[in-house]
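What follows is a set of notes on a single structure, which appears directly below.
The values are calculated or read from the model by the stated rules, or taken from the named source; none is laboratory data. Keep in mind that what you see is a predicted model, and the values were worked out from it rather than measured. Positions of Cβ are backbone-derived with ideal geometry, glycine not excepted, and every protein chain shown enters the neighbour counts. SASA here: full protein model, heavy atoms, side chains in, ligands and nucleic acids out. Shrake-Rupley method; radii C 1.70, N 1.55, O 1.52, S 1.80 Å.
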Amino acid sequence: MVSFPSCKINLGLNIISKRPDGYHNITTCFYPVQWNDVLDIVPAKSFSFSQSGIPVSGAAADNLCVRAYEILKKIYGLKPVAIHLHKIIPIGAGLGGGSSDGAYTLRTLNGIFDLALSGEKLKEYAAQLGSDCAFFIENKAMIGTGRGEILSDVAVSLKGKYLVIVKPEVHISTARAFAGITPRNRTTDLRQILEHHPIGEWKELLGNDFEAVLFKQFPLVEALHQKMYALGASYASLTGSGSAVFGIFKNEVDLKKEFDSLVYWCGFLD
């Protein structure tokens, strides 16, 4: 069974506090973007995992697709499958591609083996894989709190807006990004901003707390952020903990030449 794990951008990202378990409490809005990997899972005589496309470092056993299979296998006694992942979404970009792969593996296995697991149950398993994995079970605009795994609906739509994402040759690990953060509780209400203010006002209202730290460490990333606005973006931001930068435009734009040599994606949002 073939599926197409998508990625996400973050509309605002505030680091609220450090948790006793070592993670951080955050508030953010996850928004789905149809820049996709390709995931193929079929029943097999013995388990196997293979991948192509963008190279992914680390042992296969640590891949979130494999870990997702192992979670369900332990509980439901799944039979072997062959998993092949073709990686397209950039790694270390803050786009959540790996989390999406893990979540889509859970979704696909649920269908292949007729487990009839509810969305809420799948979210529970996804949260064991990573903080933003649960979002990709429903894959619609959601406010994320806690580690990002506590999700609630938000009435924000970017349908018809044109999105441009660029990624420089910079890999920013989540651990490195969090290392420079000083958590602080904001008085602004992210949901209120998204639901009641037009995109043209977001520049002054929505912030990603990682920007203050990472822009100093990686001037190129800051320059890309500034360039998005110079080219007419209604709103631009680092996504997640970077290093990808996105710009939301009112109309279709062709900026490929402006970001020559960078990983580049563009398209209308759903």
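In the stretch 80-97, what count of residues is obtained for those that are buried (at least 24 other Cβ atoms within 10 Å of the Cβ) and either touching a Pro at 6+ places or on another chain (Cβ under 9 Å) or closer than 23 Å to P43 by Cβ (or both)?
4
I'd like the residue in the stretch 115-142 that is open to solvent by 20 Å² or more (accessible area, probe 1.4 Å) and touching a Pro at 6+ places or on another chain (Cβ under 8 Å) and, out of all such residues, is farthest from G97 (Cα to Cα).
Once the filter is applied, the top-ranked residue is K140.
Given the criteria outside any helix (DSSP H, G or I) and either modelled with pLDDT of 95 or more or within 21 Å of L13 (Cα to Cα) (or both), does D101 qualify?
no
If we only count strands (runs of 3 or more DSSP E) wholly inside the stretch 143-246, which ones have 2 or more residues that are open to solvent by 20 Å² or more (accessible area, probe 1.4 Å) and within 30 Å of V56 (Cα to Cα)?
Passing ranges, in order: 150-153.
Might you let me know whether the stretch 179-202 holds any residue that is more than 28 Å from V154 (Cα to Cα) and either touching a residue at least 60 places away in the same chain (Cβ under 8 Å) or among the aliphatic types (A, V, I, L, M) (or both)?
Yes, that holds for at least one residue.
Those residues that are in a helix (DSSP H, G or I) and touching a strand residue (DSSP E or B) at 6+ places or on another chain (Cβ under 8 Å), I need them from the stretch 54-98; list them, please.
Selection gives A60, C65, V66, Y69, G97.
Looking only at residues that are within 20 Å of the chain's Cα centre (by Cα) and not in a strand (DSSP E or B) in the stretch 20-44, which one is nearest to I199 (Cα to Cα)?
Q34
Just checking, does the stretch 63-74 include any residue being under 23 Å from K167 (Cα atoms) and touching a residue at least 12 places away in the same chain (Cβ under 8 Å)?
Scanning the stretch 63-74 turns up at least one residue that is under 23 Å from K167 (Cα atoms) and touching a residue at least 12 places away in the same chain (Cβ under 8 Å).
Can you pull out the residues in the stretch 46-81 that are among the charged types (D, E, K, R) and either within 20 Å of the chain's Cα centre (by Cα) or over 16 Å from F113 (Cβ atoms) (or both)?
Within the stretch 46-81, D62, R67 meet the criteria.
If S17 meets every condition in (1) loosely packed, with under 14 Cβ neighbours inside 10 Å; (2) assigned to a strand (DSSP E or B); (3) at pLDDT 95 or above; (4) not aromatic (F, W, Y) apart from one, which number is that one?
Result: S17 passes all but (3).
If you take the residues of the stretch 243-265 that are closer than 16 Å to G92 by Cα and out of contact with any Phe, Trp or Tyr (no Cβ under 6 Å at 6 or more places or on another chain), which of them is modelled with the lowest pLDDT?
Taking the candidates together, the pick is S243.
Out of E211, E201, report the one residue that is within 24 Å of S99 (Cβ to Cβ) and either in contact with a His (Cβ under 7 Å, 6 or more places away or on another chain) or acidic (D, E) (or both).
Result: E211 is the single residue among E211, E201 that is within 24 Å of S99 (Cβ to Cβ) and either in contact with a His (Cβ under 7 Å, 6 or more places away or on another chain) or acidic (D, E) (or both).
Quickly run through the stretch 162-221 and pick out the residues that are β-branched (V, I, T) and touching a Lys or Arg at 6+ places or on another chain (Cβ under 8 Å).
Scanning the stretch 162-221 gives a single hit, I199.
Mind checking whether some residue in the stretch 55-70 is under 24 Å from H171 (Cα atoms), open to solvent by 60 Å² or more (accessible area, probe 1.4 Å), polar (S, T, N, Q) and modelled with pLDDT under 95?
For the stretch 55-70, residues under 24 Å from H171 (Cα atoms), open to solvent by 60 Å² or more (accessible area, probe 1.4 Å), polar (S, T, N, Q) and modelled with pLDDT under 95: present.
Might you let me know whether the stretch 256-265 holds any residue that is open to solvent by less than 20 Å² (accessible area, probe 1.4 Å) and assigned to a strand (DSSP E or B)?
Within the stretch 256-265, none of the residues are open to solvent by less than 20 Å² (accessible area, probe 1.4 Å) and assigned to a strand (DSSP E or B).
Could you look through the stretch 118-142, keep only residues that are over 16 Å from E70 (Cα atoms) and in a loop (DSSP other than H, G, I, E, B), and pick out the one that is modelled with the lowest pLDDT?
Once the filter is applied, the top-ranked residue is S131.
What's the number of the condition G111 fails, among (1) in a loop (DSSP other than H, G, I, E, B); (2) of a type outside the set (A, V, I, L, M); (3) surrounded by fewer than 18 Cβ atoms within 10 Å (Cβ to Cβ); (4) out of contact with any strand residue (DSSP E or B) (no Cβ under 8 Å at 6 or more places or on another chain)?
(1)
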